[in-house]
Amino acid sequence: MKHIDIKNIFTDKSCIGQEVTVCGWVRTARNSKTMAFMAINDGTTLNHLQIVIDKSADIDFEDALHLGTSVKVTGTAVEDRNGSVEINAKEITVLGSCPADYPLQKKRHTLEFLRTMPHLRGRTNTFNAVLRVRSVMAEAIHQYFQDRNFVYVNTPLITGSDCEGAGEMFQVTTIGYSNDYKNEEEYYADDFFGRRAGLSVSGQLEGEVAAMAMGKIYTFGPSFRAENSNTPKHLAEFWHVEPEIAFAELPDIIETAESMVKYVIRTVLDTCPEEMKFFDAHFEKGIIDRLEELISHEFGVCDYTEAIRLLKESGEDFQYPVEWGCDLQTEHERYISEKVFKKAVFVTNYPKEIKSFYMKQNPDGKTVAAVDLLVPGVGEIIGGSEREADYDKLVEAMNARGMNLDLYTDYLDLRKYGSVPHGGFGLGFERLIMYVTGVSNIRDVILYPRTVGSIR
Ligand code: 4AD
């Protein structure tokens, strides 16, 4: 269907005076005595295109003047009073009619209401803006790594080993357990892969395999977590960006994480000014200035032990008590980034008991070379570490956690054959989108959110 994107009508001034064809969904419609008007949007821009209909001309338009109707319009592009562009219609074709019970009426709907219709909410300005910013951010992530000699690898989604060891893996099976099996072992042996399998919580372990050959790699794909966390920042299926870098130590990982986040934010500010103005007006006043501020300063770095001291001395009445050895809760993360540092901050060197088996053990015997990036408003958006590159220490850490070493033979081999210092991190893509847009619930930055008790 030959037509011009509405975005191009607004940006390509050579359209003015020309006959053009555009398509879109009717967002507003008005019928007066001699003229009729409708604003249409095709999803390429936040700006609606005004269609002007002279009722004295022979144009069939009545069926088009309903919200949600999809139309094709041919007419002349002209400059309007404000220097923008509108179309003087010559011919209007209704592609798909839309009855009066169309749920998206002119008023502003709440995000909760829109969540009940994921198949339609993309047609609102909010989701139009979120999905476009998300697309620009994805492109920026690829660009950042591609420009710096990282190789994009695709790690398996179905896996036999739980990377984080937190028991949050969704099981993959083609048969259900029944009493016909004597025990679990027999059941798994009969299943598709002949052993227990699940959906990957992280591509890191296979990412390390690739990094031990290609030097610098990144993955960008979905991770799955059967976490029973019904919070505004947890999804059961989220998109995960995971770079893995050979010949690198913790400060190198921190440097990459900071420069990647800054690059992505800079790109959004430069590429999506309309969308960012929209978020500034409707979601978080001052967000553009705040992002500019964030990327113009170095991120903070704070040792976990120091963070615990700051939290204990804060005088704040936290819901979760703070003691050395505890995991930081969102309220603690937000206090550190919002109240103490007032910017993005890396917290490093966590107690080994609360972190994963693969993290490099520090000489103090108590902590590991882990790092989380905390940002104001959201809390943790990145988790990473230098990896334990020493075979014996790694085996010791796995044994201490009661892990089945047979499931990790490939991983252990990497420490046997030319082991090198290396590390990486995982960025929760939706968490960064929340931060950049000011949208405060993770369910509203992905087309179809999957959360505990809810799938559509
Ligand atoms: O801190 P996490 O669990 O780290 C890992 O998975 C490492 N294997 C990453 C690595 O070093 N390659 O997760 C990394 C990030 C978190 O900081 C968070 O932003 C995001 O993934 N994340 C989630 N995002 C949405 N919903 C969930 N349920 C998430 N779980 C983690």
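Packing-based ranking of 354-366, 393-405 yields 354-366, 393-405, ordered from highest to lowest mean Cβ neighbour count within 10 Å.
Among the trypsin sites (Lys or Arg not before Pro) found in segment 159-211, those both in a DSSP coil and sparsely packed, with 14 or fewer other Cβ atoms within 10 Å of their Cβ, are Lys182, Arg195.
Candidates Ile217, Val301, Val241 compared by Cα position along the dipole of segment 217-306: farthest toward the positive end lies Val241, with charges placed on Cβ. Across the chain, the mean sequence separation of Cα contacts (distance under 8 Å, 6 or more residues apart), normalised by length, yields a relative contact order of 13 percent. Per residue of the chain, the DSSP helices (runs of n ≥ 4 H) give a summed -39500 (n - 2.57) that works out to -8500 deg cm²/dmol at 222 nm. Here the chain has 49 percent of its accessible surface on carbon and sulfur atoms, given a 1.4 Å probe and all protein chains in place.
When the Cα convex hull of the chain is projected onto planes of every orientation, the mean area is 27.4 nm². Here r is the Cβ-Cβ distance between Val301 and Arg108 and R0 is 56 Å; the resulting FRET efficiency, rounded to 0.05, is 0.85. About its Cα centre, segment 97-186 has a charge dipole of approximately 1120 debye under the convention of +1 per Lys or Arg Cβ and -1 per Asp or Glu Cβ, with nothing else charged.
Compute the label zone of Thr330 within segment 245-289: residues whose backbone N is under 20 Å from the point 7 Å along Cα-to-Cβ. Answer for this model: 283-285. Charge dipole of the chain (Cα centre as origin; +1 on each Lys and Arg Cβ, -1 on each Asp and Glu Cβ, all else neutral): 1500 debye, rounded to the nearest 20. What's log10 of I(q)/I(0) for segment 219-367 at q = 0.12, 0.17 Å⁻¹, Debye sum over Cα points only, no solvent? Calculated log10 I(q)/I(0) at the listed q: -0.69, -1.39. Under the combined filter of DSSP loop state and at most 12 neighbouring Cβ atoms within 10 Å, segment 391-456 retains these chymotrypsin sites (Phe, Trp or Tyr not before Pro): Tyr417. Given a cut-off of under 8 Å on Cα pairs at least six residues apart, what relative contact order in percent is computed for segment 13-143? Relative contact order of segment 13-143: 22 percent. Overall shape of segment 312-406 was characterised from the C-alpha gyration tensor. The equivalent ellipsoid obtained from it has semi-axes of 29, 14, 11 Å, in decreasing order. Only alpha carbons enter this Debye calculation for segment 371-456, each as an equal point scatterer, and the log10 of I(q)/I(0) it gives at q = 0.14, 0.26 Å⁻¹ is -0.73, -1.22.
Pairs exceeding a 30 Å alpha-carbon distance, out of Lys262/Lys285; Lys2/Lys33; Lys55/Lys107; Lys7/Lys106: Lys2/Lys33. Compute the Cα gyration tensor for segment 85-182, then decide on rounded, prolate or oblate, letting a ≥ b ≥ c be the square roots of its eigenvalues: rounded whenever a/c is under 1.5, prolate when a/b is larger than b/c in the other cases, and oblate in all that remain. Oblate, because a/c is 1.5 or more while a/b does not exceed b/c. Segment Arg266..Gln50, full-extension length gain: 74.6 nm, with 0.36 nm per residue of separation and the alpha-carbon distance subtracted. Length gained on full extension, Ala166 to Leu120, computed as 0.36 nm times the residue gap minus the Cα-Cα distance: 13.0 nm. Among the GluC sites (Glu not before Pro) within segment 242-325, those in coil by DSSP and having at most 11 neighbouring Cβ atoms inside 10 Å are Glu298, Glu313, Glu323. On the basis of the beta-carbon distance and an R0 of 45 Å, Gln143 and Asn228 show a calculated FRET efficiency of 0.80. The three principal axes of the C-alpha atoms in segment 1-153 carry coordinate ranges of 62, 40, 30 Å, sorted with the longest axis first.
The percentage of C-alpha pairs in segment 371-410 whose separation is greater than 11 Å is 72%. Which distance in Å, rounded to a whole number, links the C-alpha centroids of segment 415-456 and segment 313-366? Centre-to-centre (Cα) distance: 19 Å. Set the Förster distance to 51 Å, then compute FRET efficiency between Ser314 and Asp252 from the Cβ-Cβ distance, nearest 0.05. Result of the calculation: an efficiency of 0.95.
The values are calculated or read from the model by the stated rules, or taken from the named source; none is laboratory data. None of these values were measured; they are calculated from a predicted model. Virtual Cβ from ideal backbone geometry, glycine too; neighbours counted across all protein chains shown. To get the accessible areas, we keep the full protein, side chains included, count just its heavy atoms, and leave off ligands, DNA and RNA. Shrake-Rupley method; radii C 1.70, N 1.55, O 1.52, S 1.80 Å.
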